[in-house]
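First the structure, in the form of structure tokens, and then the observations on it.
The values are calculated or read from the model by the stated rules, or taken from the named source; none is laboratory data. Because the structure is predicted, anything quoted here is derived from the model rather than measured. A quick note on method: Cβ atoms are made from the backbone with ideal geometry, for glycine too, and the neighbour counts reach across all protein chains shown.
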């Protein structure tokens with residue numbers, strides 16, 4: 001009896017052990033057990049970054065619509081530093097109503113096949129604002145205090161070709177510069193600058209004739225554009241249609257950007273003689289697009305689209321950051337001060353958006369069409385003032401432009417960058433803005449820099 005009872009107990013024990021082993025195997029197959037760590041690049045669980053990690057930014061394909069904001073505790077970290085936009089705060093009247101900010105950002109651009117490097121072209125300038133080349137290779141540069149300078153054969157000339165009496169107050173002064181498409185024949189140079197009007201400030205677009213080495217015979221094309229200590233816009237450029245385009249800021253009065261009777265907070269389009277083009281979107285008006293806060297860049301793709309970087313809010317309604325790059329369409333409304341960012345069907349969505357806690361403070365822009373850096377061809381590059389870098393947007397599409405990737409270049413190396421332009425040599429030129437009262441100028445600031453391909457090792 002004792003032997004039979006012992007054998008029975010042994011049999012029960014064996015069955016129990018076998019049952020427990022089978023259960024453990026089944027749990028492991030459902031993922032309930034510890035299991036192996038995910039392979040690099042796999043879809044393992046996301047973790048919050050450490051203090052040394054790049055700021056998180058999930059990826060967004062260029063063809064996807066901007067998603068509704070979703071609070072994600074630990075987004076996937078992008079391949080290069082980028083700040084992920086966070087949901088915007090609840091707005092109360094009369095503050096601008098912020099549209100939903102996307103929770104994703106484009107992926108960082110991969111390293112170019114040929115690495116860029118920078119060469120110094122000229123030093124010792126005072127807040128250079130715009131650059132333009134004559135057909136003979138002379139480089140015209142505006143300085144915000146009111147001077148137009150020349151760089152000839154790589155040398156900054158001591159004597160300016162013009163000293164314009166401007167109101168160099170705050171962000172105002174001598175800003176935009178453009179040469180006539182027929183400059184070789186007529187010598188016309190166009191400027192945009194701030195001047196005193198009664199007790200206030202305004203902005204003027206003028207045409208000059210270069211004669212005997214000086215700008216002479218000022219002819220006013222348009223004046224009375226609302227001005228202020230800040231938000232003056234100021235960029236001018238000829239488009240592929242040979243019309244003169246100008247950016248204007250809201251002069252610190254956001255409501256003007258929505259007022260079609262005002263020239264503030266707009267992109268304007270003029271004939272070279274200062275008249276209104278017959279095919280402008282609003283009859284008898286210089287207004288080409290509206291709802292802008294402070295755009296400071298103009299650049300055209302080879303496919304014809306006009307791109308304009310724009311400063312986002314810096315305190316209005318308790319908001320910051322929210323810089324944009326917009327694809328400009330005739331008659332379109334870009335939302336300021338009613339909305340920022342994407343998602344409101346009443347307004348045109350930006351092509352690129354810095355997010356709700358990251359700022360570029362974008363200024364001059366150019367579409368790269370050189371051959372030195374083939375990976376950049378067709379990309380938009382613009383200077384970041386507060387961001388202190390050269391920003392690259394990788395674009396795709398022809399009839400409709402889309403953002404594929406973006407990249408920050410030379411971050412913190414040269415300080416504030418304002419003017420960006422393609423030179424006749426197929427190289428990209430950039431001017432610093434470290435002597436504008438907000439930077440930390442070095443002994444040789446401000447400078448004009450040329451971006452070239454680094455020599456092969």
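Name every residue in region 176-217 that is farther than 18 Å from residue 269 by Cβ and without any contact (Cβ under 8 Å) to a residue 24 or more places away in the chain, in order of residue number.
182, 185, 186, 198, 199, 209, 212, 216, 217, listed by residue number.
With respect to residue 348, determine if the residue is under 21 Å from residue 417 (Cα atoms) and either without any contact (Cβ under 8 Å) to a residue 60 or more places away in the chain or under 12 Å from the mean Cα position of the chain (by Cα) (or both).
The answer is no for residue 348.
Within the group 223, 209, 197, which residue is in contact with a helix residue (DSSP H, G or I) (Cβ under 8 Å, 6 or more places away or on another chain) and over 24 Å from residue 300 (Cβ atoms)?
Going through 223, 209, 197 in turn, just one is in contact with a helix residue (DSSP H, G or I) (Cβ under 8 Å, 6 or more places away or on another chain) and over 24 Å from residue 300 (Cβ atoms): 209.
For region 122-139, check the following and say yes or no: at least one residue is within 22 Å of the chain's Cα centre (by Cα), touching a residue at least 60 places away in the same chain (Cβ under 8 Å), more than 15 Å from residue 449 (Cα to Cα) and outside any strand (DSSP E or B).
Looking through region 122-139, none of the residues is within 22 Å of the chain's Cα centre (by Cα), touching a residue at least 60 places away in the same chain (Cβ under 8 Å), more than 15 Å from residue 449 (Cα to Cα) and outside any strand (DSSP E or B).
Name, by its number, the condition in (1) over 19 Å from residue 298 (Cα atoms); (2) surrounded by 20 or more Cβ atoms within 10 Å (Cβ to Cβ); (3) out of contact with any strand residue (DSSP E or B) (no Cβ under 7 Å at 6 or more places or on another chain) that does not hold for residue 255.
Only one criterion is unmet by residue 255, namely (2).
Out of 304, 317, 284, I need the residue that is modelled with pLDDT under 95 and either in a strand (DSSP E or B) or surrounded by fewer than 24 Cβ atoms within 10 Å (Cβ to Cβ) (or both). Which one?
317 is the lone residue from the list that is modelled with pLDDT under 95 and either in a strand (DSSP E or B) or surrounded by fewer than 24 Cβ atoms within 10 Å (Cβ to Cβ) (or both).
Given the condition within 17 Å of residue 309 (Cβ to Cβ), in contact with a helix residue (DSSP H, G or I) (Cβ under 9 Å, 6 or more places away or on another chain), in a strand (DSSP E or B) and at pLDDT 95 or above, answer yes or no: does some residue in region 372-389 qualify?
Scanning region 372-389, I find no residue that is within 17 Å of residue 309 (Cβ to Cβ), in contact with a helix residue (DSSP H, G or I) (Cβ under 9 Å, 6 or more places away or on another chain), in a strand (DSSP E or B) and at pLDDT 95 or above, so the answer is no.
Tell me which residues, restricted to region 181-215, are in a strand (DSSP E or B) and more than 15 Å from residue 140 (Cβ to Cβ).
Residues satisfying the conditions are 194, 195, 196, 197, 200, 201, 202, 203, 204, 205.
When you check residue 336 against the structure, is it farther than 18 Å from residue 254 by Cα and touching a residue at least 40 places away in the same chain (Cβ under 8 Å), yes or no?
No; evaluated as a whole, the condition is false for this residue.
Can you tell me how many residues within region 329-338 are surrounded by 22 or more Cβ atoms within 10 Å (Cβ to Cβ) and within 18 Å of the chain's Cα centre (by Cα)?
Of the residues in region 329-338, 3 are surrounded by 22 or more Cβ atoms within 10 Å (Cβ to Cβ) and within 18 Å of the chain's Cα centre (by Cα).
Residues 277, 240: which one is in contact with a strand residue (DSSP E or B) (Cβ under 7 Å, 6 or more places away or on another chain), assigned to a loop (DSSP other than H, G, I, E, B) and closer than 22 Å to residue 378 by Cα?
Answer to the selection: 240.
Across region 354-370, what is the total count of residues that are touching a strand residue (DSSP E or B) at 6+ places or on another chain (Cβ under 9 Å) and part of a loop (DSSP other than H, G, I, E, B)?
Total satisfying the criteria: 9.
Taking residue 263 and the conditions (1) over 25 Å from residue 400 (Cα atoms); (2) surrounded by fewer than 24 Cβ atoms within 10 Å (Cβ to Cβ); (3) modelled with pLDDT of 95 or more, which numbered condition does it fall short on, given that it satisfies the others?
That leaves (2) as the condition not met.
Sort out which residues of region 366-392 are within 8 Å of the chain's Cα centre (by Cα) and under 28 Å from residue 258 (Cβ atoms), and write them in order of number.
382, 383, 384, 391
So residue 377 ticks every box in (1) surrounded by fewer than 22 Cβ atoms within 10 Å (Cβ to Cβ); (2) in contact (Cβ under 8 Å) with a residue 40 or more places away in the chain; (3) within 24 Å of residue 431 (Cβ to Cβ) but one. Which box is left unticked?
(2)
Could you check, for region 330-353, whether at least one of its residues is over 21 Å from residue 265 (Cβ atoms), modelled with pLDDT under 95 and assigned to a loop (DSSP other than H, G, I, E, B)?
no
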